[in-house]
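As structure tokens, the structure follows; a few thoughts come after it.
The values are calculated or read from the model by the stated rules, or taken from the named source; none is laboratory data. Fair warning: this is a prediction, and the values are worked out from it, not measured in the lab. Neighbour counts are summed over all protein chains in view; Cβ atoms, including those assigned to glycine, are modelled from backbone coordinates with ideal geometry. Accessible surface areas use protein heavy atoms only, side chains included; no ligands, DNA or RNA. Shrake-Rupley method; radii C 1.70, N 1.55, O 1.52, S 1.80 Å.
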Amino acid sequence: MKFVQTLRNIWKIEDLRQRIITTVWLIIIYRLGTQIVLPGIDPAQLVSLREQTRGGVMALLDMFSGGAFSNASIMALGIMPYISASIVIQLLAIVVPSFQKMQREGESGRRKINQWTRYLTIAILLVQGPVYLINLSHQLQAAGSSLPGGFWFSFSSTIFMAAGSMFALWLGERITDKGIGNGVSFIILVGILARFPIAITQEFVLRFNNAGGIFLFLLEILVLLVVIAGAIMLVQGTRRVPVQYAKRTVGNRMYGGARQYIPLKVNAANVMPIIFAQAIMFIPVTLFPAMTSNSNFWQGFATGQSFWYNLIFAILIILFTYFYTAVTINPTQMADELKRSNGFIPGVKPGKATKDFLDNVMSKITLPGALFLAIVAILPAFARLFGVSAEFSSFFGGTSLIILVGVVLDTLQQIESHLLQHHYDGLLETGRIKGRHGNIY
């Protein structure tokens, strides 16, 4: 079988084999870290906290942390603070001249930006740590228990969680350098996949105990496969713009004359808009937990089920899609590069006309991509309306599904590149795997 032969080819490539083994070991270390409970907390008293993270926005937080949030682990805050810090730094790089200068400094500038991102991550962790402990205290009181009192416990627990999150970030960076795929993305992917077996088992048991439930369960699986196929199309969808290169003679040889294509992605912003929007929607729950429990309006932001939550979430995704596409795609630069390489778009004059043409094309293909991304993001809310359990509904769309599809495609693309470099067949007989070509932070 081709699949078995592909696995053998992967194992034959020493560098690829070592990268995969390194990735597995680092993921095992991370998973063990998510099970280490903060000192002074009885794991048996966390029933109320786990119940809180069964659905809504809290379930997403727990999913992104690989279950560490509901375990009151030293890694309970996960790597979402790092992602939030990265988002803030990227925004600053657009509006603050000093950050713009660092971006133009190449590798040294990138190291400075990464350093500032880590500083901001630590600041966010030191704020989120006490907030997490406050929420944990409320949940333990509901279970008839309580947190150890005193300043030292709060201080030490905050330091433990900050160190745990930074250690998770370090593991992600080691995966990127020594393993396969993007490490931070891979850690989030593992957290998502870790909950899938439990979610699908609970959904099966729920449906099995009802009349006609097996048929409904199979229908849910079919709908899930359709949604995954749509997410793959969203990630890989492109609009090809033809480019003609003029003929030129250098010495005795003639160059150019060939027609090529510029692939413009329908979802050029990748998963960033949904991450940006989700980070904003996390703010009321993570920083003001009391507000979400005392107000019906804000309580909808904790459950993720209210009309206003999903409407605001969808609008933010559409806005961020246009914003991030404008940041990542520069029609002026593309037009200048075409002009320098003696290329042109048939029927369009070089220079400003080419820039306007590319800008117009991007505007037209970004709208359907943004709308589809917003629809996929709010699909879990619709799944809940049809009786799908909270755990299983999160896989019908939303942040988790887009990240899952994007990271898997990126990882498979890297494996395929290693195979092709060593003259082995790729993972697919026809066509090349196209990843997101971008990170989630």
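Given an 8 Å cut-off on Cα distances and at least 6 residues of separation, report the relative contact order of the range 1-130 as a percent.
This gives 17 percent for the range 1-130.
Go through 138, 418 and list them by solvent-accessible area, largest first, probe radius 1.4 Å.
138, 418
Per residue, how much accessible area does the range 36-194 have with a 1.4 Å probe, in Å²?
42
State to the nearest 20 debye the size of the charge dipole of the range 312-418 about its Cα centre, where the only charges are +1 on K and R beta carbons and -1 on D and E beta carbons.
Charge dipole, the range 312-418, about its Cα centre: 400 debye, nearest 20.
For a test of the definition: using alpha carbon positions, the gyration tensor, and the 1.5 limit on a/c, classify the range 1-114 as rounded, prolate or oblate.
Note, shape of the range 1-114 comes out oblate.
Please report the accessible area of residue 178 (heavy atoms, 1.4 Å probe, ligands and nucleic acids excluded) in Å², nearest 10.
130
Residues in the range 167-205, backbone N under 20 Å from the label point at residue 21 (7 Å along the Cα-to-beta-carbon vector): list them, ranges by number please.
From the range 167-205, the list is 174-181.
Subtracting the Cα-Cα distance from 0.36 nm times the residue separation, let me have the gained length for residue 420 to residue 138 in nm, one decimal.
Length gained between residue 420 and residue 138: 96.1 nm.
Within the accessible area of the range 1-149, what % is carbon and sulfur when the probe is 1.4 Å and the other protein chains stay in place?
Carbon and sulfur atoms account for 63 percent of the accessible area of the range 1-149.
Given the options 385, 354, 401, identify the residue whose Cα lies farthest towards the positive end of the charge dipole of the range 349-424 (+1 on Cβ of Lys, Arg; -1 on Cβ of Asp, Glu).
Value computed over the given set: 354.
Would you list 391, 337, 14, 203 from the most to the least accessible area, probe 1.4 Å?
Largest accessible area first, the list is 14, 337, 391, 203.
Sticking with the crude label model, points 7 Å out along Cα→Cβ, report the distance from residue 280 to residue 153 in nm, one decimal please.
About 3.8 nm separates the two model spin labels.
Quick check: net charge around residue 175, other residues with Cβ under 14 Å of its Cβ, Lys/Arg +1 and Asp/Glu -1?
+1
Between residue 201 and residue 240, how many nm apart are label points set 7 Å from Cα along the C-beta direction?
4.6
Report the calculated FRET efficiency for residue 229 and residue 51 (r = Cβ-Cβ distance, R0 = 30 Å), to the nearest 0.05.
After rounding, the FRET efficiency stands at 0.35.
Find, to one decimal place in angstroms, the Kirkwood hydrodynamic radius of the range 6-49, where the mean of 1/r is taken over every pair of different Cα atoms and then inverted.
By the Kirkwood definition, the hydrodynamic radius is 13.3 Å.
Can you tell me, using C-alpha contacts under 8 Å and at least 6 residues apart, the relative contact order of the range 329-405 as a whole percent?
Reported as a whole number, the value is 20 percent.
Using the Cβ atoms and a cut-off under 11 Å, what net charge is assigned to the surroundings of residue 335, where Lys and Arg are +1 and Asp and Glu are -1?
Here the charged neighbours net out to +1.
On each of the three principal axes of the Cα atoms of the range 95-244, give max minus min coordinate, whole Å, ordered largest first.
For the range 95-244, the Cα extents along the three principal axes come out at 72, 62, 32 Å.
Below 8 Å between Cα atoms, with a sequence gap of 6+, how large is the relative contact order for the range 75-192 in percent?
Rounded, it is 30 percent for the range 75-192.
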